[in-house]
Structure formats: structure tokens, C-alpha cells
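Comments concern the structure below.
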Amino acid sequence: MHLTQHTDYGLRVLIYTAINDDALVNISTIAETYGISKSHLMKVVTALVKGGFLDSVRGKGGGLKLAATPDKINIGAVVRHLEPMQVVECMGEHNECLITPSCRLAGVLGGAVKAFFNYLDGFTLEDMLNKRTYDLLYVPKIDIMAVEEA
């Protein structure tokens, strides 16, 4: 199986946001950190907001935050939302395959997809966080009040 770049980026956005949970994060910073196109990342973030995984705060000082704590965001649910798991044509809406009525491939591949998601369902976003990733992605926030007082 192969996940699309869209899903890969979506998972990375969630990891980044979880690690930097002490403040709102913005798409530009995430894009720069990962070396990803900002316009592509905007589409990914839009899907994550629509899926209920991220909250978007508009206006000055706005940004993104997790819609739930990392232990409540299931990796299987995120991938299901972002990934069109149509492994072969007959598993999709526009099936025109001649052998579909007698073929067993969809059942076999459907079982593989089910096993894949059963495994992913055993993990949360919290399981993806570790000290090394934290050290790579955490951006300390500047205390504006302390700067103004100095």
C-alpha cells in the first residue's frame, strides 16, 4: 500500500502542531520547517480542519491548534479521512472492470486494507511524539511581555 503525499503531510502537520501545543502554529512556519509548498499545505490543513482534527483561529494572532488532545486523535481515523483507499478500480465508485462479477481480488485487497486500518487504529497522535522529534520541531515561543519589560 502507498499513502499519498497529502496524507503524509497531514500526519506531519498534526505532529508539528502537537509538539508546539503551547501556542497557535501557522502554515508558513510548518511549510518552512518541513520544506513543503505552503499552497499544498493549505489544502492539507483545510482537510484536517474539516475532519475535526485541527481548529483554525482566524484573525491577527490566529493560527492552528489541535482540536483534541494528542491521545484522542487516532492515526487510523486521520488516514481514513485523508486517504482515498481505493487500492484497485473495483473498490471505487467508477468501476468498469469486466471481471468484477467473478473476481476475488477486491475481497482479498479489502481484507488487507481492513488489517492495515486495524493496525493504525491501535495508535494515537500521542504515540507519534517523542523527545527526539520534539527536539527537532519545537519552536520556543517568545514571551512578548518579558521582552517589552526589558
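The values are calculated or read from the model by the stated rules, or taken from the named source; none is laboratory data. None of these values were measured; they are calculated from a predicted model. Because the Cβ atoms are built from the backbone with ideal geometry, glycine has one as well, and the counts that use them run over all protein chains shown. What goes into the accessible areas is simple: the full protein's heavy atoms, side chains included, and nothing from ligands, DNA or RNA. Shrake-Rupley method; radii C 1.70, N 1.55, O 1.52, S 1.80 Å.
Residues that are modelled with pLDDT under 95 and either touching a Gly at 6+ places or on another chain (Cβ under 7 Å) or closer than 18 Å to residue 84 by Cβ (or both) within segment 1-23 comprise 1, 2, 3, 4, listed in sequence order. Suppose the filter is open to solvent by less than 60 Å² (accessible area, probe 1.4 Å) and modelled with pLDDT of 95 or more; does residue 74 pass it? When the stated conditions are applied, residue 74 passes them.
Annotation note: of 134, 119, the sole residue that is of a type in the set (Phe, Trp, Tyr) and farther than 22 Å from residue 3 by Cα is 134. Residues in segment 127-150 that are open to solvent by less than 100 Å² (accessible area, probe 1.4 Å) and charged (D, E, K, R) were compared, and the one that is modelled with the lowest pLDDT is 143.
Residue 96 meets the conditions (1) surrounded by 13 or more Cβ atoms within 10 Å (Cβ to Cβ); (2) charged (D, E, K, R); (3) over 24 Å from residue 45 (Cβ atoms) in every case but one. The failed one is (1). The residues of segment 61-95 that are closer than 23 Å to residue 105 by Cα and aliphatic (A, V, I, L, M), listed by number, are 79, 85, 87, 88, 91. Among the residues of segment 7-33, the one identified as outside any loop (DSSP other than H, G, I, E, B), open to solvent by 60 Å² or more (accessible area, probe 1.4 Å) and touching a residue at least 60 places away in the same chain (Cβ under 8 Å) is 33.
Taking residue 63 as the residue in question, decide whether it is open to solvent by less than 30 Å² (accessible area, probe 1.4 Å), on the phi > 0 side of the Ramachandran plot and not basic (Lys, Arg).
Numbers: open to solvent by less than 30 Å² (accessible area, probe 1.4 Å): yes; on the phi > 0 side of the Ramachandran plot: yes; not basic (Lys, Arg): yes.
Against the criterion (open to solvent by less than 30 Å² (accessible area, probe 1.4 Å), on the phi > 0 side of the Ramachandran plot and not basic (Lys, Arg)), residue 63 qualifies.
Against the condition closer than 23 Å to residue 6 by Cβ, out of contact with any Lys or Arg (no Cβ under 6 Å at 6 or more places or on another chain) and among the small types (Gly, Ala, Ser), how does residue 52 come out, does it pass?
For residue 52, the condition - closer than 23 Å to residue 6 by Cβ, out of contact with any Lys or Arg (no Cβ under 6 Å at 6 or more places or on another chain) and among the small types (Gly, Ala, Ser) - is met.
Every test in (1) in contact with a Leu (Cβ under 7 Å, 6 or more places away or on another chain); (2) crowded, with 17+ Cβ neighbours inside 10 Å is passed by residue 36 save one, and that test is (1).
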